[in-house]
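Worksheet for the structure shown next.
The values are calculated or read from the model by the stated rules, or taken from the named source; none is laboratory data. In this text the structure is predicted, and so the values were computed from the model without any measurement. Counting neighbours? That spans all protein chains shown, and the Cβs are built from the backbone with ideal geometry, glycine included. The area values use the complete protein model at the heavy-atom level, side chains included, leaving out ligands, DNA and RNA. Shrake-Rupley method; radii C 1.70, N 1.55, O 1.52, S 1.80 Å.
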Amino acid sequence: MNHRRTELLAAGAATVTVILWASAFVSIRSAGAAYSPGALALGRLLSGALALGVICLIRREGLPPRSAWRGIAVSGVLWFGFYMVVLNWGEQQVDAGTAALVVNIGPLLIALLGARLLGDAMPPRLLAGMAVSFAGAVTVGLSMSDDGGSSVLGVILCLLAAIAYAGGVVAQKPALGSATPLQVTTFGCFTGAVVCLPFAGQLVSEAADAPASATLNMVYLGVFPTALAFTTWAYALARTTASRMGATTYAVPALVVLMSWLALGEVPGLFTLAGGALCLAGVAVSRSRAPRTAPAPVTEPEPQPESASDPA
């Protein structure tokens, strides 16, 4: 019963994460009209760090154990810092749905890094799925080429974001073995904010001229898709494998396309959607299981006729 309850709580936490992360792609696209990539990342991280810091003080979480700091630092630099900057930059070049489709290659990379660094198995279907998803990413890139080199740059930036996302997840998983999800998220967010401090001047100058809607989007990104969603992600990740958690993000692109259509009027073209479908198909192939072969029937040995020498 307790195991079932844990599974349900983890699934609920993952669902919250997926919905909030999908909304983040739309908010980034909206706030990016007034804020540069680095300034937006820093403002988001400062908002998230403030919210998380208050919660940690209320809960008296304290500092994470020393054994968790390496994973927290690596995930903070890659995922909270580098990922957010290049994703913001990428979304200034491509629409929110395309960005989500390309970043969704991340689960494949998580499986690959997990096999290398965490000892996870890497079956042939994973390799086949990676090839299909790579073809999808190339298709998305070609579909954007008619809009100029900047759009191709956006796809490349989103690919870099996917790599940073995967590296952050794999680094975060061992840290959750000794630290709480709230500790891992809070200090990862602090680390990312420190990495982005060079953009402080841009943030101050741009905040003075930015419309209130853009600033509110930035604060929303910090409080909900960062503080809340990264914590629910870490909670669920602590209770399952990295590759399985990566699989929960497969729904993000579809939600982003829907949200960006409703909020921004953005719908990717058919060729872009086809490339995104290849990306998702590759992920599906990589996560599928080979059909089980039926065990050979066990035949009972035929009884041997009794001989005169058999004991009575």
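Counting charges near residue 38 (Lys, Arg +1; Asp, Glu -1) among other residues having Cβ under 15 Å from its Cβ returns a value of -1.
Taken one residue at a time, the phi angles of the range 33-46 give Karplus couplings (6.51, -1.76, 1.60, θ = phi - 60°) of 6, 10, 10, 6, x, x, 5, 5, 5, 5, x, 5, 5, 5 Hz. Gly and Pro are set to x.
Of the trypsin sites (Lys or Arg not before Pro) found in the range 44-119, the ones in coil according to DSSP and having at most 10 other Cβ atoms within 10 Å of their Cβ are 60. In this entry, the range 1-134 is assigned a mean projected area of 11.0 nm², taken as a quarter of its C-alpha convex hull surface. For the set 27, 205, the ranking by accessible area, highest first and with no ligand, DNA or RNA atoms included, is 205, 27 under a 1.4 Å probe.
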